[in-house]
1. List the GluC sites (Glu not before Pro) within segment 46-125 that fall in a DSSP loop (any state other than H, G, I, E or B) and whose Cβ has at most 14 other Cβ atoms within 10 Å.
2. To the nearest Å, what is the center-to-center distance of segment 88-107 and segment 44-81, using C-alpha atoms only?
3. With a/c under 1.5 counting as rounded, go ahead and sort segment 2-123 into rounded, prolate or oblate using the C-alpha gyration tensor (a ≥ b ≥ c being the square roots of the eigenvalues; past the cut-off, prolate if a/b is larger than b/c, else oblate).
4. In what sequence, highest mean first, do 12-19, 112-119, 66-73 appear when ranked by Cβ atoms within 10 angstrom?
5. Based on the alpha-carbon gyration tensor of segment 46-114 and its eigenvalue square roots a ≥ b ≥ c, which shape applies: rounded if a/c is under 1.5, prolate if not and a/b is larger than b/c, or oblate?
6. Scan segment 37-106 for chymotrypsin sites (Phe, Trp or Tyr not before Pro) in coil per DSSP, keeping those whose Cβ has at most 11 other Cβ atoms within 10 Å, and list them by number.
7. Taking 7 Å along the Cα-to-C-beta vector as the label spot, tell me the residue 67-residue 55 distance in nanometres, rounded to one decimal.
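Every number here is computed from the coordinates shown, using simple stated rules; none is lab data. On a predicted model such as this, the values are computed, not experimentally measured, just so you know. Positions of Cβ are backbone-derived with ideal geometry, glycine not excepted, and every protein chain shown enters the neighbour counts.
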Amino acid sequence: MELDSLRLTFELDRNTVWEGWCSLQTPIADTINGGYGCLPNVGSYWDDTGCYLGSPDEGNLEPIDCAKLVLCNGASGVCQCEAARCGALDVTTELTLTRTYERLDATVDLHDPFVPVLGLHLEER
């Protein structure tokens, strides 16, 4: 946390809450791309009946908990694995509050190239 006379900045790791759950997962070698994950790299599929590993075209669907699919889903997932262990991916969010006379400005930076910095302006009337 950083504080100056008119600005307060917080940084927080939004995946810290998942560290315990991710650390309970067993690393699985990714034979296609190299590295490790907490799910096998066999593709995934979901519909209104649930979530599955595999491909409906190949008829090899294996039911999986949808929350685990989201948390362990490769590049977009929360968990990151090495050969010996899994843990939560370190992702920082920054919140800055700036006070100027009758106005309070807030910005939220998710440090995500696909999400713009979000801004909010509150004015005293």
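1. Hits after loop and neighbour filter: 58, 82, 102, 124.
2. Here the answer is 34 Å between Cα centres.
3. Prolate.
4. 66-73, 12-19, 112-119
5. prolate
6. 101
7. With each label placed 7 Å out from Cα toward Cβ, I get 3.1 nm.
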